[in-house]
Amino acid sequence: MRKYRSNASSDVRVEYGVELETGLAQFPETTAVALDIKTINDALDDQHEKRRALRTPVVKTRAVARFAEHNAERVIRSALRAAEIEDGGRRGRICAAVFPKGSTPILTPVGRAQVKPMQDLLDRIEHAKVAGIEGFRNAWAPKLGAALAGLEVALAAHAEALAAYDDAFKTELALRDAHHDAIDRAMGVVRAAFPRDRERQDVIFPVLETAAKKGGVVPAEDADARGASAVAAQG
């Protein structure tokens, strides 16, 4: 009898389960356990497809967040140049008040970490009292505020999509474990139904050619010796 490795992907497990269910259904003694395998196999397959569908929103929202960050950084750079023009050169009164350490501390952070430096920039613009700040504030506070709002919305959408994907994957991993346990129980049933009939025991359990080439299927005896505690790999 053969079963997949403990770190096999869901695809490998589901394909294995379909073939095992078919094998178990060939004999009256193992028909009941065939239904058990079908139940857990269908549940894993459904969850795997659900998780795969949730990957697209993760990728799309990640791209949107990347462009929102790009837009925010363009506005920050433009605001700095505008402050320098208003000052008549670098490191003038407005730049010193609004960009005390230049733009690097605001542009360097990535993702959610960039929100606070941008908010701090807006706060400095709002509270600055230096000469000429009113015109700069009126021109650039709305642009920077809109860029920050767009960034926060994009980051929140990505975080939500990622959380949904992660939750779905956790459920899938739990079903992978349950699937592995169901295979072990099926092996016990087959051994009890056909004691010392190694030929019939072996024919019931599949050899998945693709999985075997990838190292996804091993003899049950070898797998039992190594244990089944490895974390399931994403697939």
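The values are calculated or read from the model by the stated rules, or taken from the named source; none is laboratory data. Bear in mind that the values here come from a model prediction, so they are computed numbers and not experimental data. A quick note on method: Cβ atoms are made from the backbone with ideal geometry, for glycine too, and the neighbour counts reach across all protein chains shown. The area values use the complete protein model at the heavy-atom level, side chains included, leaving out ligands, DNA and RNA. Shrake-Rupley method; radii C 1.70, N 1.55, O 1.52, S 1.80 Å.
Just one residue in the set R185, R176 is at pLDDT 95 or above, out of contact with any Lys or Arg (no Cβ under 9 Å at 6 or more places or on another chain) and either within 30 Å of M1 (Cα to Cα) or surrounded by fewer than 12 Cβ atoms within 10 Å (Cβ to Cβ) (or both); that residue is R185.
When G89 is tested against (1) open to solvent by less than 50 Å² (accessible area, probe 1.4 Å); (2) assigned to a helix (DSSP H, G or I), just one condition goes unmet, and that condition is (2). Residues in the range 92-131 that are open to solvent by less than 20 Å² (accessible area, probe 1.4 Å), more than 27 Å from A156 (Cβ to Cβ) and part of a helix (DSSP H, G or I): I94, C95.
Please verify whether E134 is more than 21 Å from N71 (Cα to Cα) and surrounded by 18 or more Cβ atoms within 10 Å (Cβ to Cβ), treating the condition exactly as stated. Here the answer is no, as E134 does not meet what is asked.
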